[in-house]
Structure formats: C-alpha cells, structure tokens
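Here's the structure we're looking at; comments come further down.
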Amino acid sequence: AGVLAALAGAARPNGVAVAAAVGAAAAVEASRRLRARRSPGWRPCAAALLAPAGWLGYVLWVGVRTGDVPGGYFRVQAGWTSRFDFGRGTYGFARAVATRPMDLGFTVSLLLTGVSVVLLVLLALERPPLALFVYTAVLVVIAVGGAGFFESKPRFLLPAFPLLAPVALALRRARPRAAAVLVAALAGLSFGYGTYLLTLATMAL
C-alpha cells in the first residue's frame, strides 16, 4: 500500500490523498496493536513513511530542475495561478458567478464543487472505513480550497469516486423503476453536458 501510494504521488499531485489514506490506515492499525499491548510492528510504520515519498520526491525533483529546491514546485504552480488559499478563491468565484453572466461551464463547475461538499457530508454519515473517507475528504479539500483554473475542479474531483456511494445507496433503497429513471436522467445530462464541453464551450478544460 505504501509503495502504491508513493507511485500515485509521483504520478499526480493529488496522489497525496492516497498517501493520507494509507497514513490513516497505518495509524488505526498501530493504535489497535498498542491497545492490545502489542508492538505496532514495522509494516504500518513503513507504509506510513513510504506513502508520501512519491509526492515529496516529485516536489524535490521540480525544485532541483528549477534551481530552487524548497520552493521551485510551488513557484511553478504559482505560474499556473494554482495555489491553496483555504477557499478564498472559490468564494470569490462563487460571488462572480452570482453577480454576472458567465459561461455555462463555469456555473456547472461551481455547482459540481458544491455538490461534492454535500456528498462528502452524506458519505461521512454512512460511516465508511476511515481510509476511504480520508482519501475522499483530502480530494474535496484540495478542490474547494485551491485557487486557479476553476473550470478544472470537476476534473480534479474525478478520482473522488467514493462520493457516489451515498447516491448508490439511495438508488439501492429506491424502487427499481424510480432508480432506472434517475440513472437514465443523470446519464442523459452527463452525455449532453459532455457534448457541450467538446463542441460549444469556450473555456479550457
């Protein structure tokens, strides 16, 4: 798990969510062993140490390439106007969408970002495994708390598939006909919006 998390972090910055999930699982396992008055063992500790190595290694590699080891990665991100500002950029963008006409894609991006927060709360109420929740929560926090190309936020949320668990559970509890109608409607909306993005949208993805 630690090795795979390290590979995920080396491949994509949001692979840090996988590292956080492995760290959470390792902490739970170590705590369980300590409560049983056993040694936490080397495997959970090794997993927790290996998991963020890919992301940290990539940050250091970018720093070496740019000649600024501690800050090169973040300087490159700033060049793309990408930074983590704890949601100030998201709030400002929401105000802009509410006060002036904008491309449909921007409005839908804001809507999907808001829906992701609601789905995260619903997921928490289902009490999923801690590692799964931590993984999903980190991805949502990155999307909501980051500033930059707002139209890219739905793309950043694609790996957060556990957000669909509350929807799947609701469909399981619904009548088959109602579930079929809802799934068909969502598929139709997805197809229509995808077609719009590929043919008519003027924003970059």
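Restricting attention to helices (runs of 4 or more DSSP H) lying wholly within the stretch 63-177, give those where 2 or more residues are over 18 Å from the mean Cα position of the chain (by Cα).
72-79, 88-99, 104-125, 165-173
Checking V16 against (1) modelled with pLDDT of 90 or more; (2) touching a Ser or Thr at 6+ places or on another chain (Cβ under 9 Å); (3) not aromatic (F, W, Y), only one condition comes out false. Which one?
Of (1) modelled with pLDDT of 90 or more; (2) touching a Ser or Thr at 6+ places or on another chain (Cβ under 9 Å); (3) not aromatic (F, W, Y), only one is false for V16: (2).
With respect to A147, determine if the residue is modelled with pLDDT under 90 and aliphatic (A, V, I, L, M). Break it down stepwise before answering.
Details: modelled with pLDDT under 90: yes; aliphatic (A, V, I, L, M): yes.
Considered against the rule, which asks whether it is modelled with pLDDT under 90 and aliphatic (A, V, I, L, M), A147 comes out as yes.
Here is a yes/no grid of residues against (1) of a type in the set (S, T, Y); (2) under 16 Å from S152 (Cβ atoms); (3) open to solvent by 40 Å² or more (accessible area, probe 1.4 Å); (4) in the same structural domain as Y196 (by the TED database):
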position: G67; (1), (2), (3), (4): no, no, yes, no
position: Y91; (1), (2), (3), (4): yes, no, yes, yes
position: T99; (1), (2), (3), (4): yes, no, yes, yes
position: D103; (1), (2), (3), (4): no, yes, no, yes
position: T113; (1), (2), (3), (4): yes, yes, no, yes
position: L119; (1), (2), (3), (4): no, no, no, yes
position: P128; (1), (2), (3), (4): no, no, no, yes
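Going by the conditions given, is A27 of a type outside the set (K, R) and in the same structural domain as L4 (by the TED database)?
Judged against the criteria, A27 is a match.
Out of G146, G114, which single residue is of a type in the set (G, A, S) and closer than 13 Å to N14 by Cβ?
G146
Here are A17, A36, A94, A51: which of them is over 27 Å from V108 (Cβ atoms) and touching a residue at least 12 places away in the same chain (Cβ under 8 Å)? Can you show your working first?
Numbers: A17 fails: over 27 Å from V108 (Cβ atoms); A36 fails: touching a residue at least 12 places away in the same chain (Cβ under 8 Å); A94 fails: over 27 Å from V108 (Cβ atoms).
Exactly one residue qualifies, and that residue is A51.
Can you list residue pairs whose Cβ atoms sit under 6 Å apart, with the first residue in the stretch 71-86 being in contact (Cβ under 8 Å) with a residue 24 or more places away in the chain and the second being open to solvent by less than 50 Å² (accessible area, probe 1.4 Å)? Count only pairs 6 or more apart in sequence or on different chains.
T81/G148; S82/G148; R83/A147; F84/G145; F84/G146; D85/A147; F86/G145
Pull up the stretch 178-205, narrow it to residues that are surrounded by 13 or more Cβ atoms within 10 Å (Cβ to Cβ) and within 22 Å of the chain's Cα centre (by Cα), then point me to the one that is nearest to V115 (Cα to Cα).
It comes out as Y193.
The values are calculated or read from the model by the stated rules, or taken from the named source; none is laboratory data. Please read these numbers as outputs of a predicted model, since none were measured by experiment. Ideal geometry is used to build each Cβ from the backbone, glycine not excepted, and the neighbour counts take in all protein chains shown. Heads up: the accessible areas ignore ligands, DNA and RNA and are worked out on the full protein's heavy atoms, side chains in. Shrake-Rupley method; radii C 1.70, N 1.55, O 1.52, S 1.80 Å.
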